[in-house]
Amino acid sequence: MVVVAIVALGTAVASLALRDNEGAVLARDAERLAALLETARAQSRAAGVPVRWRSTASGFTFDGLPASAAPLPTHWLDAQTAALGNAPLMLGPDPIIAAQAVVLHRAGTSQPLLRVATDGLRPFSVEQIQ
C-alpha cells in the first residue's frame with residue numbers, strides 16, 4: 001500500500017511539472033512575434049520608412065525594411081502555427097499607429113487562440129482569446 005501511494009504521489013508531481021507543450025509552443029511563437037513587430041516598428045521609425053507585416057503560406061514577411069537593417073526572421077518556430085486572416089499590419093514610420101492585431105492558432109488543435117495586439121501607443125502584447 002505504501003509503495004502504491006509513493007508511485008501515485010510521484011506520478012502526480014511529474015504530471016504537474018510537465019507543461020502543456022502545445023500551449024507553450026503557441027505562446028512562444030506569439031511572444032516572439034510581438035518582439036519582432038516591435039523591432040520592425042522601431043526600425044521603421046528610425047529609417048522613416050513604412051514597414052508592413054503580412055502573413056504568408058510558409059510564415060510571414062516584413063515589407064519595406066531598410067536595406068541597412070538586420071534581416072528579421074520570416075518563419076514560425078513551430079510549423080503548425082499560423083495567423084488567422086490575411087490583413088497586414090502597418091508598423092510605421094509614425095510613432096503612433098492605428099490599433100492593430102493578429103490572431104494566432106495552432107493547426108490541428110483545439111487550444112485557445114492567442115492575439116498579438118497594440119492600441120497604437122503601447123507595444124504589441126499577447127492576449128488569450130476564446
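Tabulated data
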quantity: Long-range neighbours under 8 Å by Cβ, at least six apart or interchain, first residue in contact (Cβ under 8 Å) with a residue 60 or more places away in the chain and over 13 Å from Trp53 (Cα atoms) within the stretch 99-111, second assigned to a strand (DSSP E or B) and open to solvent by 50 Å² or more (accessible area, probe 1.4 Å); calculated: Leu104/Leu84; Leu104/Arg115; His105/Leu84
quantity: Top-ranked residue of the stretch 118-130 - restricted to ones that are open to solvent by less than 40 Å² (accessible area, probe 1.4 Å) and farther than 13 Å from Arg32 by Cα, ranked as modelled with the highest pLDDT; calculated: Thr118
quantity: Total residues in the stretch 99-108, condition in a loop (DSSP other than H, G, I, E, B), open to solvent by less than 80 Å² (accessible area, probe 1.4 Å) and more than 19 Å from Phe62 (Cα to Cα); calculated: 1
quantity: Residue match in the stretch 84-98 (condition: within 15 Å of Phe60 (Cβ to Cβ) and of a type in the set (Gly, Ala, Ser)); calculated: yes
quantity: Test: residue in the stretch 72-85 that is in contact with a Pro (Cβ under 8 Å, 6 or more places away or on another chain) and open to solvent by 40 Å² or more (accessible area, probe 1.4 Å); calculated: no
quantity: Candidate set: the stretch 1-35, residues that are acidic (Asp, Glu) and open to solvent by 50 Å² or more (accessible area, probe 1.4 Å); chosen: the one modelled with the highest pLDDT; calculated: Glu31
quantity: Residues of the stretch 64-86 that turn out to be on the phi < 0 side of the Ramachandran plot, in contact (Cβ under 8 Å) with a residue 24 or more places away in the chain and of a type outside the set (S, T, N, Q), as a count; calculated: 10
quantity: Gln111 part of a strand (DSSP E or B), among the polar types (S, T, N, Q) and surrounded by fewer than 17 Cβ atoms within 10 Å (Cβ to Cβ); calculated: no
quantity: Close pairs from the stretch 26-52: first within 21 Å of Val126 (Cβ to Cβ), partner assigned to a helix (DSSP H, G or I) and open to solvent by less than 50 Å² (accessible area, probe 1.4 Å), Cβ under 7 Å, at least 6 apart; calculated: Val51/Ala40; Val51/Gln43; Val51/Ser44
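This table checks each residue for (1) open to solvent by less than 20 Å² (accessible area, probe 1.4 Å); (2) touching a Leu at 6+ places or on another chain (Cβ under 7 Å); (3) at pLDDT below 90; (4) not hydroxyl-bearing (Ser, Thr, Tyr).
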| site | (1), (2), (3), (4) |
| --- | --- |
| Leu37 | yes, yes, no, yes |
| Ser44 | yes, yes, no, no |
| Pro50 | no, no, no, yes |
| Phe60 | yes, no, no, yes |
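The values are calculated or read from the model by the stated rules, or taken from the named source; none is laboratory data. Since this is a predicted model, take the numbers as computed values, not measurements. Cβ coordinates were reconstructed from backbone atoms using ideal geometry, including for glycine residues, and neighbour counts include every protein chain displayed. With ligands, DNA and RNA removed, areas are computed over all heavy atoms of the protein, side chains included. Shrake-Rupley method; radii C 1.70, N 1.55, O 1.52, S 1.80 Å.
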